[in-house]
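Structure, as structure tokens:
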Amino acid sequence: MNDMNHDSYVTPDGRTIGPVMMEVQNITLRFGGVVAIKDISFDIREGEIRAIIGPNGAGKSSMLNVINGFYHPQEGGIYFRGEKRGPMKPYQIAQQGIARTFQNIALFKGMSTLDNIMTGRFTHMKAPVWKQALWHGEAEREEIENREVVEKIIDFLEIQAIRKTPVGRLPYGLQKRVELGRALAAEPKLLLLDEPMAGMNVEEKEDMSRFILDVNDEFGTTIALIEHDMGVVMDISDRVVVLDYGRKIGDGTPAEVIANPEVIDAYLGVSHD
Ligand SMILES: Nc1ncnc2c1ncn2[C@@H]1O[C@H](COP(=O)(O)OP(=O)(O)OP(=O)(O)O)[C@@H](O)[C@H]1O
Ligand SMILES: [Mg+2]
């Protein structure tokens, strides 16, 4: 790593971006004969909002699945805060402070908003079951602390009115918000969002954009998000990495990537739903 990686800088918008938090180095991921990711490197800096864009099938979700330990790449390495990561299971990565949401909502549909968000606290539940049985004090303290964090998130996301509603009954936009709440319950340092605004109308997208910016601003959470809506990407991200057929074809500020002819060809010329 050179010095630039350790330094902070201030963006033209006046945002302070910290040193490199995560370094993705020469990752190649294959599924049988399919090369989903081919020799991709990029970094994510502390405090930034980093977008990952590209056409369908470009390898964006696969990349998030590599970052959160769900897929194990055949080649390359991941450095988190300077340390090379071994093959880790998703729960171990959660313990490192990385949380995510999914392209297809993954909530417990029959459970309430409150209970779904509560499941996001699992990495913070320290008292093992036998201890909970023997020593109520610790488990009780933990329960109270978990509830406080969850209540704060419910306030923050303005979802008090639906706290008891089974999430399966909520409109899609609100389900996406609850899923964000569950990821936030882990109090992540790095939050990975796979198409947090897919299928939303303009108003819902505006709300979600605001929540993402507020999470970044108020909690200092670093965010990496996949998004197809270029307007949203331009509005909220500090830097953008562009994938196409498993390769990286662009990396830079939003202004830089939209001026990149290869990006225009591969991505901006095609329409997405
Ligand atoms: N578990 C898997 N098994 C086999 N192939 C996979 C698997 N996951 C992804 N792929 C393949 O890897 C490639 C990249 O898929 P990926 O889902 O990462 O793309 P994406 O950029 O997220 O696309 P989209 O915009 O449609 O969500 C595709 O060719 C896909 O079919
Ligand atoms: Mg995807």
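Here are a few things to note about the model shown:
- Residues that are surrounded by fewer than 12 Cβ atoms within 10 Å (Cβ to Cβ) and within 16 Å of ligand 2 (Cβ to nearest atom) were ranked within the stretch 1-60; the one that is farthest from I78 (Cα to Cα) is N56.
- Just one of the listed residues (G69, G76) is in contact with a strand residue (DSSP E or B) (Cβ under 6 Å, 6 or more places away or on another chain), surrounded by 13 or more Cβ atoms within 10 Å (Cβ to Cβ), on the phi > 0 side of the Ramachandran plot and in contact (Cβ under 8 Å) with a residue 24 or more places away in the chain, namely G76.
- Within the span defined as the stretch 195-202, one or more residues are within 16 Å of ligand 1 (Cβ to nearest atom), at positive phi and open to solvent by 10 Å² or more (accessible area, probe 1.4 Å).
- Restricting attention to the stretch 90-113, the residues that are at pLDDT below 90, open to solvent by 70 Å² or more (accessible area, probe 1.4 Å) and not polar (S, T, N, Q) total 2.
The values are calculated or read from the model by the stated rules, or taken from the named source; none is laboratory data. Everything numeric here is computed off the predicted structure, so don't read it as measured data. In this analysis, Cβ positions are derived from the backbone assuming ideal geometry, glycine residues included, and neighbour counts consider all displayed protein chains. Quick note on the areas: whole protein, heavy atoms, side chains included, nothing else; ligands and nucleic acids left out. Shrake-Rupley method; radii C 1.70, N 1.55, O 1.52, S 1.80 Å.
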